[in-house]
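My questions will all concern the structure given below.
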Amino acid sequence: MALKIALLGFGTVASGLPFLLEENGDKIRAAFGDDLEIAKILVRDDNEVNRLKENGHSYQFVTSIDDILNDPEIAIVVELMGRIEPAKTYILATLNAGKHVVTANKDLIALHGPEIQESAKAKGLAFYYEAAVAGGIPILRTLANSFTSDKIQRVLGVLNGTSNYMMTKMVDQGWTYEEALSKAQALGYAESDPTNDVEGIDAAYKVAILSQFAFGMTIAFENVSHQGISTITAEDVAVAQELGYVIKLVGRVEETASGILADVSPTFIPKKHPLASVNDVMNAVFVESIGIGQSMFYGPGAGQKPTATSVMADIIRIAHRLEDKTVGKAFNEFSRPTKLANKEDKCSHYYFAIETPDKTGQLLRIATIFNEQKISFRQVLQEKAQEGRARLVIITHMMNQLQLEAVQSQINQESDFKLLNAFKVLGE
Ligand code: HSE
């Protein structure tokens with residue numbers, strides 16, 4: 001008998017599942033010895049049902065979750081609606097109804113993952129979400145399985161396809177921010193509200209999930225600091241180029257002496273670093289560990305088919321576990337008490353762009369501020385002065401969060417200085 005699944009939502013990713021079933025049905029069938037059937041699809045309302053039918057879809061569309069919850073033949077429910085509600089209520093109800101759940105909803109997992117995982121565990125059900133991080137890259141299962149004997153020290157990632165695509169097109173093709181965003185939306189990369197993509201929130205959700213798999217620690221979302229691409233200026237991009245870097249939105253999770261740190265921010269990456277060549281919608285997760293050393297996992301971070309492929313992998317995994325009678329096992333079994341890093345241990349090199357009056361003695365004033373915090377300079381550059389103002393660019397040696405805050409506050413207190421930007425710089 002075919003294994004029956006139901007889909008919640010029929011947007012970009014969900015509508016990629018039929019493609020895989022049609023194009024790769026034989027292999028999928030061989031993988032778990034039976035047919036996989038999309039038995040029901042939940043959509044918003046009757047208008048949506050009519051629209052989908054007019055577009056030639058012949059699935060059984062329903063508008064009430066109860067039609068799925070009360071169907072004893074449906075074994076797996078795939079939530080692809082996104083956002084928190086009603087997705088959370090529907091997933092919990094699905095688990096209560098004794099059905100396994102697959103989702104790609106990183107917002108939900110980052111914000112409410114433990115509650116849902118507890119519910120799944122208590123009922124011996126599967127709750128899988130490979131597609132939630134880095135779209136088509138099978139990174140979560142790799143961290144959960146292949147890194148079991150390794151100790152991860154740091155994970156760095158280009159984790160948002162939309163913002164990476166936008167930055168690449170703006171820099172390489174000279175597109176405006178608006179042009180790049182609307183093309184990313186048209187290609188199905190962006191979230192329904194792209195604020196999360198460009199403000200680093202989507203990447204921060206993924207960082208929170210990566211922390212569970214790489215370090216066994218659950219970080220509350222408010223402890224993942226995030227800054228998006230909207231603060232990056234053309235001048236920052238040009239100076240990065242001049243100094244041998246590219247700027248990308250980078251997510252970081254790192255274990256320090258005092259605990260874990262997690263953040264997302266525009267970051268200068270040396271052109272020789274493997275992450276520097278991750279362009280367009282591509283994502284990459286760069287792992288530093290004591291066993292493997294450095295490894296990088298690369299692939300499309302958004303888009304219909306890549307993300308649907310990861311969703312399908314979860315479905316097939318559940319089918320196998322059903323067969324093996326091991327279905328209650330958690331997606332990720334690595335768990336330790338969460339300890340957050342002290343500010344002294346949150347370290348990075350930094351790039352500062354500071355506007356000063358264009359007259360003698362300004363560099364000395366700036367140097368004094370950094371010197372008081374015992375921060376040394378690695379590179380200093382003065383950009384052309386305009387209208388009596390100069391733009392100083394400084395790349396520092398390693399400094400910590402306390403030093404950063406002190407320097408920022410000191411610069412902001414000088415009324416004729418303007419701190420334009422301060423971004424992290426990745427060491428070589
Ligand atoms: N909007 C997300 C991105 C989709 O652009 O990466 C995948 O999470």
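The values are calculated or read from the model by the stated rules, or taken from the named source; none is laboratory data. Please read all numbers here as calculations on a predicted model, not as lab measurements. For neighbour counting, all protein chains shown are included, and Cβ atoms are generated from backbone atoms with ideal geometry for every residue, glycine included. Surface areas here come from the heavy atoms of the whole protein model, side chains and all, with no ligands, DNA or RNA. Shrake-Rupley method; radii C 1.70, N 1.55, O 1.52, S 1.80 Å.
I need a count of the residues in the stretch 313-344 that are outside any loop (DSSP other than H, G, I, E, B) and either more than 21 Å from residue 157 (Cα to Cα) or in the same structural domain as residue 154 (by the TED database) (or both).
Of the residues in that region, 14 qualify.
Out of (1) within 11 Å of the ligand (Cβ to nearest atom); (2) open to solvent by 10 Å² or more (accessible area, probe 1.4 Å); (3) more than 12 Å from the chain's Cα centre (by Cα), the odd one out for residue 178 is which?
(1)
Scan the stretch 260-289 for residues that are surrounded by fewer than 20 Cβ atoms within 10 Å (Cβ to Cβ) and within 12 Å of the ligand (Cβ to nearest atom) and jot them down.
Correct list: 280 only.
Now for a different question. Please go through the stretch 72-86 and pick out each residue that is under 23 Å from residue 37 (Cβ atoms) and touching a helix residue (DSSP H, G or I) at 6+ places or on another chain (Cβ under 8 Å).
Selection gives 74, 75, 76, 77, 78, 79, 80, 81.
Moving to a separate point now. So, of the residues in the stretch 360-373 that are within 19 Å of residue 413 (Cβ to Cβ) and part of a loop (DSSP other than H, G, I, E, B), which turns out to be modelled with the highest pLDDT?
373
Let me ask something additional. Checking residue 36 against (1) open to solvent by less than 30 Å² (accessible area, probe 1.4 Å); (2) in contact with a strand residue (DSSP E or B) (Cβ under 6 Å, 6 or more places away or on another chain); (3) at pLDDT 95 or above, which single condition isn't satisfied?
The single condition residue 36 does not satisfy is (3).
Can you tell me how many residues in the stretch 135-175 are of a type in the set (D, E, K, R) and closer than 15 Å to residue 252 by Cα?
Residues flagged as of a type in the set (D, E, K, R) and closer than 15 Å to residue 252 by Cα within the stretch 135-175 amount to 1.
Of all residues in the stretch 290-312 being in a strand (DSSP E or B) and open to solvent by 10 Å² or more (accessible area, probe 1.4 Å), which is farthest from residue 201 (Cα to Cα)?
Top of the filtered list is 293.
Residue-by-condition table, conditions (1) within 21 Å of residue 91 (Cα to Cα); (2) touching a residue at least 24 places away in the same chain (Cβ under 8 Å):
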position: 6; (1), (2): yes, yes
position: 14; (1), (2): yes, yes
position: 23; (1), (2): no, no
position: 37; (1), (2): yes, yes
position: 41; (1), (2): yes, yes
position: 49; (1), (2): no, no
position: 52; (1), (2): no, yes
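Let me ask something else about it. What number of residues within the stretch 193-210 satisfy the criterion of being closer than 14 Å to residue 266 by Cα, more than 8 Å from the ligand (Cβ to nearest atom) and not β-branched (Val, Ile, Thr)?
Matching residues across the stretch 193-210 total 3.
Where in the stretch 62-172 are there helices (runs of 4 or more DSSP H), lying wholly inside it, with at least 2 residues that are within 16 Å of the ligand (Cβ to nearest atom) and either over 23 Å from the mean Cα position of the chain (by Cα) or within 30 Å of residue 277 (Cβ to Cβ) (or both)?
Hits in the stretch 62-172: 106-123, 139-145, 161-172.
Shifting gears a bit: Any residue at all in the stretch 401-422 that's at positive phi and open to solvent by 20 Å² or more (accessible area, probe 1.4 Å)?
No; the residues of the stretch 401-422 include none that is at positive phi and open to solvent by 20 Å² or more (accessible area, probe 1.4 Å).
Would you check if there is a residue in the stretch 87-96 being open to solvent by less than 30 Å² (accessible area, probe 1.4 Å) and not hydrophobic (A, V, I, L, M, F, W, C)?
Within the stretch 87-96, one or more residues are open to solvent by less than 30 Å² (accessible area, probe 1.4 Å) and not hydrophobic (A, V, I, L, M, F, W, C).
Turning to a different aspect of this structure: Among the residues of the stretch 57-82, what is the count of those that are more than 24 Å from residue 107 (Cα to Cα), free of Cβ contacts under 8 Å to residues at least 60 places away in the same chain and open to solvent by less than 60 Å² (accessible area, probe 1.4 Å)?
Residues flagged as more than 24 Å from residue 107 (Cα to Cα), free of Cβ contacts under 8 Å to residues at least 60 places away in the same chain and open to solvent by less than 60 Å² (accessible area, probe 1.4 Å) within the stretch 57-82 amount to 3.
Can you list residue pairs whose Cβ atoms sit under 7 Å apart, with the first residue in the stretch 178-202 being assigned by the TED database to the domain that holds residue 109 and the second being surrounded by fewer than 16 Cβ atoms within 10 Å (Cβ to Cβ) and not hydroxyl-bearing (Ser, Thr, Tyr)? Count only pairs 6 or more apart in sequence or on different chains.
none
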